[in-house]
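The values are calculated or read from the model by the stated rules, or taken from the named source; none is laboratory data. Everything numeric in this text was worked out from a predicted model, so none of it was measured. All Cβ positions, even for glycine, are placed from backbone atoms using ideal geometry, and neighbour counts span all protein chains on display.
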């Protein structure tokens, strides 16, 4: 059995709902990709990145860095094979710095170099073969997707993982992982595409990436799963595991809208908030939502009125909510069991 199943089990014993996210972060790190973890405050993003970062041979933590600021890390990031963790993009002081931080690491993880030459700044970084984990909250992502850099660079060169679970029984201790990082990723052969499950994985990844990037990212993620199991060949079981872990990525097609084919992207943060509540709690009430988002009951009613097609009042208790069939479909597609 793949070690990630045991890691998921161990994490779930102390941090319910966090196991799959931790496992996917391990895969993305092994795949040397730029992973963005999105969830509301207090859902465990830091616990995920801290656990993976603490178990990785070379991990560094940063708050932010623009492309110009990368000149201070030229020596560190040249021939770099480690992990960069940006714990909370919300701590970055300006929208410009946030965009530049995400864009810089998306470009480094994908292209492995940055070359910037202006009248005032020269930045040359090459042979960057590391990974990055960037944590952010939905309002920050909603800002990022409105910038041109999202369509041009970030969308195709990052993996967005939507963590939908609040801690039912909060635990102060962070998960402590023992991870066998396996063999070198480059030793694993390109996977076959005739596995029956491969088209389903393609369908999920195509929600976030263009067709060309789908092949690159998906094959690399599958190779990472095999490498973590110390194998040079991808097996069907690797697709089964990855399919289970990638399901939360599907919600992006429901929470994102656009005014045009190339411009005007907008994120529905209220819908994402409702998805988190229904994924986290078996019985969801107006009071529970008010507590989770630190707002009044009247504000909850006002906000829910704007997205009332996704839920309906419970017949047993007026202040309880139940998901509509459409919302149940979205939750099931995202791997949420109710």
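Quick rundown of the values:
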| item | result |
| --- | --- |
| Single residue of 177, 201 found to be in a loop (DSSP other than H, G, I, E, B), out of contact with any strand residue (DSSP E or B) (no Cβ under 9 Å at 6 or more places or on another chain) and under 29 Å from residue 251 (Cα atoms) | 177 |
| Failed condition for residue 171, given (1) within 25 Å of residue 237 (Cα to Cα); (2) in contact with a helix residue (DSSP H, G or I) (Cβ under 7 Å, 6 or more places away or on another chain); (3) part of a loop (DSSP other than H, G, I, E, B) | (1) |
| Output for the stretch 311-331, where each listed residue is over 11 Å from residue 278 (Cβ atoms), modelled with pLDDT of 80 or more and touching a helix residue (DSSP H, G or I) at 6+ places or on another chain (Cβ under 9 Å) | 326 |
| Conditions (1) outside the structural domain of residue 165 (by TED's automatic domain parsing); (2) out of contact with any strand residue (DSSP E or B) (no Cβ under 9 Å at 6 or more places or on another chain); (3) surrounded by 14 or more Cβ atoms within 10 Å (Cβ to Cβ): number failed by residue 294 | (3) |
| Hey, residue 260 at positive phi and modelled with pLDDT under 95 or not | no |
| Conditions (1) in a helix (DSSP H, G or I); (2) within 15 Å of residue 25 (Cβ to Cβ); number of the one not met by residue 85 | (1) |
| Some residue of the stretch 234-253 being assigned by TED's automatic domain parsing to the domain that holds residue 23 and assigned to a loop (DSSP other than H, G, I, E, B) | yes |
| Selection status of residue 278, in contact with a helix residue (DSSP H, G or I) (Cβ under 8 Å, 6 or more places away or on another chain), in the same structural domain as residue 23 (by TED's automatic domain parsing) and surrounded by 17 or more Cβ atoms within 10 Å (Cβ to Cβ) | no |
| Sole residue being at pLDDT 95 or above and loosely packed, with under 13 Cβ neighbours inside 10 Å, chosen from 203, 238 | 203 |
| Set 90, 17, 69, 42: member being over 18 Å from residue 125 (Cβ atoms) and part of a helix (DSSP H, G or I) | 90 |
| Single residue of 21, 55, 41, 47 found to be over 12 Å from residue 131 (Cα atoms), over 15 Å from the mean Cα position of the chain (by Cα), in contact (Cβ under 8 Å) with a residue 60 or more places away in the chain and assigned by TED's automatic domain parsing to the domain that holds residue 171 | 55 |
| Matching entry among 227, 273 (being within 30 Å of residue 52 (Cβ to Cβ), modelled with pLDDT of 95 or more and either touching a helix residue (DSSP H, G or I) at 6+ places or on another chain (Cβ under 8 Å) or crowded, with 20+ Cβ neighbours inside 10 Å (or both)) | 227 |
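Yes/no matrix, rows are residues, columns are (1) within 21 Å of residue 58 (Cβ to Cβ); (2) free of Cβ contacts under 8 Å to residues at least 24 places away in the same chain; (3) surrounded by fewer than 20 Cβ atoms within 10 Å (Cβ to Cβ):
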| position | (1), (2), (3) |
| --- | --- |
| 86 | yes, no, no |
| 90 | no, no, yes |
| 95 | no, no, yes |
| 102 | no, no, no |
| 106 | yes, no, no |
| 112 | yes, yes, yes |
| 130 | yes, no, no |
| 136 | no, no, no |
| 146 | no, no, yes |
